[in-house]
1. Taking segment 221-258 as the region of interest, how many residues are assigned to a loop (DSSP other than H, G, I, E, B) and either more than 30 Å from the chain's Cα centre (by Cα) or closer than 19 Å to ASP195 by Cα (or both)?
2. Scan segment 127-138 residue by residue and report those that are near the ligand (Cβ under 6 Å from one of its atoms) and either β-branched (Val, Ile, Thr) or more than 18 Å from PHE104 (Cβ to Cβ) (or both).
3. Quick test of your reading of the structure: ASP166 fulfils all but one of (1) in contact with a Ser or Thr (Cβ under 7 Å, 6 or more places away or on another chain); (2) surrounded by fewer than 20 Cβ atoms within 10 Å (Cβ to Cβ); (3) closer than 15 Å to ARG119 by Cα. Name the failing condition by number.
4. Of all residues being within 13 Å of the ligand (Cβ to nearest atom) and assigned to a helix (DSSP H, G or I) in segment 90-124, which is farthest from GLU67 (Cα to Cα)? Just the residue, please.
5. Within segment 47-66, can you find the residues that are among the acidic types (Asp, Glu) and either in a strand (DSSP E or B) or modelled with pLDDT under 95 (or both)?
6. Condition first: part of a strand (DSSP E or B) and either touching a residue at least 24 places away in the same chain (Cβ under 8 Å) or not small (Gly, Ala, Ser) (or both). Now tell me which residues in segment 1-27 satisfy that.
7. Report yes if some residue within segment 28-41 is of a type outside the set (A, V, I, L, M, F, W, C) and in a loop (DSSP other than H, G, I, E, B); otherwise report no.
8. Return the residues of segment 128-174 that are under 26 Å from GLU67 (Cβ atoms) and either assigned to a loop (DSSP other than H, G, I, E, B) or modelled with pLDDT under 95 (or both); say none if nothing qualifies.
Amino acid sequence: MSLVNYELADGIATLTINRPEALNALNSQVLTDLSEVLDKVVADKARVVLLTGAGEKSFVAGADISEMASLTPREAQAFGELGNSVFRKLERLPVPTIAVINGFCLGGGNELAMSCDIRLASANALFGQPEVGLGITAGFGGTQRLARLIGVGLAKEILLTGRNIDAARALSIGLVNAVYEKEELLPAAQKMATDIVRKAPIAVRATKAALNLGIQTDIDSGIALEAVYFGSCFGSEDQIEGMTAFLEKRKPTPFQDK
Ligand code: DAK
């Protein structure tokens, strides 16, 4: 049985990591199952992904410490490589992804959330990279993505102290996009997902790719890249309908991904 539940409705794929008894800690099976579910998202042409954790307490409380505890250096490297390949797949998914952070978001959990495009959190969420207190470094891209997201100084504070931060601070430093009361989190995420579903998928995919690639390069190369993606939207049925509708002062018909 998969440890990642998958539901698809109205173009929104909801992925739920389902190990609540271990606060959804990431073991090898979760990582493998997540990878398979991401393939399904693409095959089913989902337009947005919501990624969350089962239960009331936790998004993901980190990589599974009981599985990691006895790893040899070689096995640890393999575990890191498995996680990194899945997280990279998530980050590069040609579908926007929203992490719906409903509680603990620690270590590998925070790294997972940072591999999503947008992060929405409940007011009780708790964030941190506690790895240094376990005698290890962050291993699923935390030292890289955190600095890119919130800046080097704050990333160093979080990674070197291993201190947790609450949702309000996570919001104030840009680690999350918005914070909601617990019961409002999923509806808010679904509303945001619906807004994206209604937009032209070719343009949405191109925008994500241009951002992801551009942020890794210098501004001139990034702008050149954007021009290519911009050009690639033209001639699509959705571009023609979107612009024609504007000029005719009407709403566009639903975009067709064509
Ligand atoms: N791994 C395994 N089990 C976990 C877990 C985790 N990360 N977090 C919680 N659990 C389990 C607990 O052991 C407990 O299981 P039972 O004792 O009931 O069998 C159950 O979930 C409920 O947890 P608690 O009883 O502890 O619940 P509390 O509400 O009292 O506390 C807590 C919640 C989140 C504060 C606490 O559970 C906690 O501190 N958890 C660990 C948080 C943590 O340190 N996370 C970071 C993990 S390290 C790498 C690859 C990856 C990584 C690093 C390197 N390479 C290969 C290079 C990533 C590392 C991490 O993510």
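1. Taking segment 221-258 as the starting set, the residues that turn out to be assigned to a loop (DSSP other than H, G, I, E, B) are 234-236, 248-258.
Then keep just the ones that are either more than 30 Å from the chain's Cα centre (by Cα) or closer than 19 Å to ASP195 by Cα (or both); that gives 235, 248-258.
Counting residues in segment 221-258 that are assigned to a loop (DSSP other than H, G, I, E, B) and either more than 30 Å from the chain's Cα centre (by Cα) or closer than 19 Å to ASP195 by Cα (or both) gives 12.
2. ILE136
3. (1)
4. MET114
5. First, pick out the residues of segment 47-66 that are among the acidic types (Asp, Glu): 56, 64.
Across segment 47-66, the qualifying residue is only GLU56.
6. Residues of segment 1-27 that are part of a strand (DSSP E or B), as a first pass: 4-9, 12-17, 26.
Matches in segment 1-27: VAL4, ASN5, TYR6, GLU7, LEU8, ILE12, ALA13, THR14, LEU15, THR16, ILE17, LEU26.
7. Step one: of segment 28-41, the residues of a type outside the set (A, V, I, L, M, F, W, C) are 28-29, 32-33, 35-36, 39-40.
This time we only want the ones that are in a loop (DSSP other than H, G, I, E, B), so: none.
Within segment 28-41, none of the residues are of a type outside the set (A, V, I, L, M, F, W, C) and in a loop (DSSP other than H, G, I, E, B).
8. Matches in segment 128-174: GLN129, GLY135, ILE136, THR137, ALA138, GLY139, PHE140, GLY141, GLY162, ARG163, ASN164.
The values are calculated or read from the model by the stated rules, or taken from the named source; none is laboratory data. Computed from a prediction, not measured in an experiment: that's the story for all the values here. Every residue, glycine as well, gets a Cβ built from its backbone with ideal geometry; the counts of neighbours run over all protein chains shown.
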